[in-house]
Amino acid sequence: MDSSVKTGKPRRADALRNRDKLLAAALHLFTERGTDVSLETVAREAGVGVGTLYRHFPTREALVEAVYLSELDRLHEGAAELLAEHPPDEALARWMDLFVEYAGAKRGMSSALQSVIAAGGNPYSESRVKIADALSTLLDAARDARLIRRDIDTEDVFRAMSGIFVMPDEPDWDERARRLLMLVSDGLRYGA
């Protein structure tokens, strides 16, 4: 959690931009190199000073948790954004791609997220609710448009999608995960 949240003070626009740059840089570096990358490298990649990083994220665990929660929010908000731009079945398929990105980030940060939990944080407290909410929104829209089967529920689809978390960590993991979720998406359309 960054210090402005703790103090309750509103953040300035430049501080918000810096925070967003730090989160994007950290996500990129964590994905490419792992979470052991130095915080100085994260600050340099974001184009800010290390002091700016520490003002927002006083510990590595705070940065890791913020990156994870940012990806969770992107996944959650992505449902409504995709529905606004695409037919419901296409929005669902595109959201499943976002789910693969989220899952990849989560997998890449798993050991660091365990450190967050060991330090007293709970980055997963809202994960299931936010994912189920986004998925339910997409499924409801696709069912209402008669683009997917009507005899499925959110929990079943969520469990099918979660299979990507147990796939072996191989170089083509994301490609295989996308193919698996494409099968789920195609299965939802069958008999619509």
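The values are calculated or read from the model by the stated rules, or taken from the named source; none is laboratory data. This one's a predicted model, so the numbers in the text were calculated from it and none came from an experiment. In this analysis, Cβ positions are derived from the backbone assuming ideal geometry, glycine residues included, and neighbour counts consider all displayed protein chains.
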Item to complete: Output yes when any residue across region 136-148 is modelled with pLDDT of 90 or more and of a type in the set (Val, Ile, Thr), and no when none is.
Response: yes
Item to complete: Search region 147-192 for residues being touching an Asp or Glu at 6+ places or on another chain (Cβ under 7 Å) and not in a loop (DSSP other than H, G, I, E, B), and hand back the single one that is nearest to TYR102 (Cα to Cα).
Response: ARG178
Response to the item:
Taking first residues from region 137-165 that are assigned by TED's automatic domain parsing to the domain that holds GLY191 and over 27 Å from GLU175 (Cβ atoms) and second residues anywhere that are among the hydrophobic types (A, V, I, L, M, F, W, C) and modelled with pLDDT under 95, the pairs with Cβ under 7 Å that are 6 or more apart or on different chains are ARG146/ALA192
Item to complete: For region 127-146, state whether one or more residues are farther than 22 Å from VAL64 by Cα, assigned to a helix (DSSP H, G or I), charged (D, E, K, R) and within 18 Å of the chain's Cα centre (by Cα).
Response: yes
Fill in: Condition met for ASP153 (among the acidic types (Asp, Glu) and surrounded by 13 or more Cβ atoms within 10 Å (Cβ to Cβ))
no
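Let's see how each residue does on (1) among the aromatic types (Phe, Trp, Tyr); (2) over 30 Å from VAL166 (Cβ atoms); (3) in contact with a Pro (Cβ under 6 Å, 6 or more places away or on another chain); (4) at pLDDT 95 or above:
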| site | (1), (2), (3), (4) |
| --- | --- |
| GLU32 | no, no, no, no |
| ALA43 | no, yes, no, yes |
| TYR68 | yes, no, yes, no |
| ALA79 | no, no, no, yes |
| LEU83 | no, no, no, yes |
| ALA91 | no, no, no, yes |
| ALA105 | no, no, no, no |
| MET109 | no, no, no, no |
